[in-house]
Amino acid sequence: MAYVAKALVLRDGDRERLEALTRGKSVSATMAARARTVLLAADGLANVEIERAVGSTRPTVLKWRKRYAEGGVEALADSPRPGKEPVIDELALVVETLANDGKPPAELGISHWSARSMAAWFGASFSSVSRIWRKWNIAPHRIETFKFSTDPRLEAKLRDVVGLYMSPPENAVVVSIDEKSQIQALERTRPDQPLSPGHASQRTHDYKRNGTTTLFAALDVLTGKISADACYQRHTNEEFVDFLGQVAAAHPDVELHVVCDNYATHKHQNVKDWLEANPRVTMHFTPTSCSWLNMVEIFFGLITRQAIRRGSFASVSDLEATIRTYIDNYNESAHPFRWVKTADYLLGKIKRKQTINT
């Protein structure tokens with residue numbers, strides 16, 4: 001007859017503690033398995049049955065029975081590892097990372113730090129460098145671009161446009177307009193391979209160019225809808241004047257304020273003549289190199305990511321039909337974009353960057 005170990009005797013109150021360890025969401029799977037082993041042993045199960053139930057081995061079951069018998073629940077925790085734990089000067093690592101504007105020494109021949117290159121240079125482990133960088137929110141692999149505006153009327157224009165967004169005039173409509181030029185009708189040379197579990201959709205690297213189009217769009221700041229749009233083969237002052245007529249027709253009999261960028265086409269004499277003939281329309285120009293201030297750019301980003309960039313178009317008309325469909329669907333659920341940054345905040349941020357880079 002096979003020998004069956006005696007049921008393990010639990011200390012007072014330990015059953016509740018052990019059961020809590022098997023159910024706790026913040027308890028590791030390893031600790032939960034140890035607690036379950038002890039509970040099953042206390043219920044009188046044979047070691048071979050505990051092995052099957054926990055998915056363990058006989059030596060492991062014997063180990064945790066013995067550890068509990070000698071030291072209780074506290075003995076189920078990992079024993080201290082031998083040897084002295086390495087001590088890392090966290091602040092020194094951060095200072096080293098940020099030194100010389102975050103650039104590694106020239107003799108390393110690299111443009112920026114990686115966790116592995118810093119680990120080798122500083123004499124620490126890869127995991128330690130990664131942990132400290134995460135703690136201090138340092139990401140040397142990331143870089144953001146910026147450009148300073150040289151517009152002498154930067155502050156006046158910025159306050160004018162932001163004021164329209166945050167406090168639009170009463171009984172008036174504010175629209176943000178721009179053109180997205182040279183949108184290419186690219187057609188992949190083979191059909192895309194479909195998405196499947198475990199595999200991303202695949203497409204050919206090469207493509208055929210089937211022409212281009214330019215999308216003009218007007219975003220109604222109050223509703224967030226595209227109130228006027230048109231595709232043209234060119235984007236000269238003639239197309240811009242024609243589009244202004246469409247924008248004005250979409251908002252009849254109302255004072256109309258139009259936000260657009262400093263593109264020379266927008267200031268052509270033909271445009272000035274049209275504005276003179278339509279006094280209810282007022283143009284408001286964003287500062288030079290501040291296209292981010294033009295709210296319609298948000299919509300252009302959306303349509304690029306969701307409809308154009310991954311599309312395959314057999315012709316320009318196919319591309320324009322896709323754009324038309326996207327705008328129709330977009331307007332069905334459009335909502336206004338809420339502008340929250342004040343002119344003072346934006347100007348202060350610009351001045352701080354200019355101070356840092358002087």
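Out of the residues in segment 166-183 that are acidic (D, E) and either crowded, with 22+ Cβ neighbours inside 10 Å or touching a Gly at 6+ places or on another chain (Cβ under 8 Å) (or both), state the one that is farthest from V281 (Cα to Cα). Taking the candidates together, the pick is E179. Could we say that V258 is touching a residue at least 40 places away in the same chain (Cβ under 8 Å) and out of contact with any Ser or Thr (no Cβ under 9 Å at 6 or more places or on another chain) here? No, not satisfied.
Scanning segment 301-358 for residues that are closer than 20 Å to P287 by Cα and β-branched (V, I, T), we see that the one that is farthest from the chain's Cα centre (by Cα) is T355.
Of the residues that make up segment 203-212, is at least one assigned to a loop (DSSP other than H, G, I, E, B), at pLDDT below 95 and of a type in the set (D, E)? Scanning segment 203-212 turns up at least one residue that is assigned to a loop (DSSP other than H, G, I, E, B), at pLDDT below 95 and of a type in the set (D, E).
Within segment 246-260, which residues are in contact with a helix residue (DSSP H, G or I) (Cβ under 8 Å, 6 or more places away or on another chain) and either of a type in the set (A, V, I, L, M) or farther than 12 Å from I177 by Cβ (or both)? The answer is L256, V258, V259.
Of note, T223 does not satisfy the criterion of being of a type in the set (S, T, Y), open to solvent by less than 20 Å² (accessible area, probe 1.4 Å) and either outside any helix (DSSP H, G or I) or free of Cβ contacts under 8 Å to residues at least 24 places away in the same chain (or both).
The set of residues in segment 68-87 that are open to solvent by 50 Å² or more (accessible area, probe 1.4 Å) and of a type in the set (A, V, I, L, M) comprises A69, V87.
For every residue, the table says whether it meets (1) in contact with a strand residue (DSSP E or B) (Cβ under 8 Å, 6 or more places away or on another chain); (2) in contact (Cβ under 8 Å) with a residue 12 or more places away in the chain; (3) aromatic (F, W, Y); (4) more than 30 Å from A120 (Cβ to Cβ).
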site: A5; (1), (2), (3), (4): no, yes, no, yes
site: L10; (1), (2), (3), (4): no, yes, no, yes
site: E16; (1), (2), (3), (4): no, no, no, yes
site: E19; (1), (2), (3), (4): no, yes, no, yes
site: V38; (1), (2), (3), (4): no, yes, no, yes
site: V48; (1), (2), (3), (4): no, no, no, yes
site: L91; (1), (2), (3), (4): no, no, no, no
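What residue, among those in segment 3-39 that are more than 20 Å from D78 (Cβ to Cβ) and open to solvent by less than 30 Å² (accessible area, probe 1.4 Å), is modelled with the highest pLDDT? Checked segment 3-39; the qualifying residue modelled with the highest pLDDT is L8.
The values are calculated or read from the model by the stated rules, or taken from the named source; none is laboratory data. The structure displayed is predicted, hence computed values, not measured ones. Heads up, the Cβs are rebuilt from the backbone with ideal geometry, glycines too, and the neighbour counts pull from every protein chain shown. Just the protein is used for accessible areas: all its heavy atoms, side chains included, with ligands, DNA and RNA removed. Shrake-Rupley method; radii C 1.70, N 1.55, O 1.52, S 1.80 Å.
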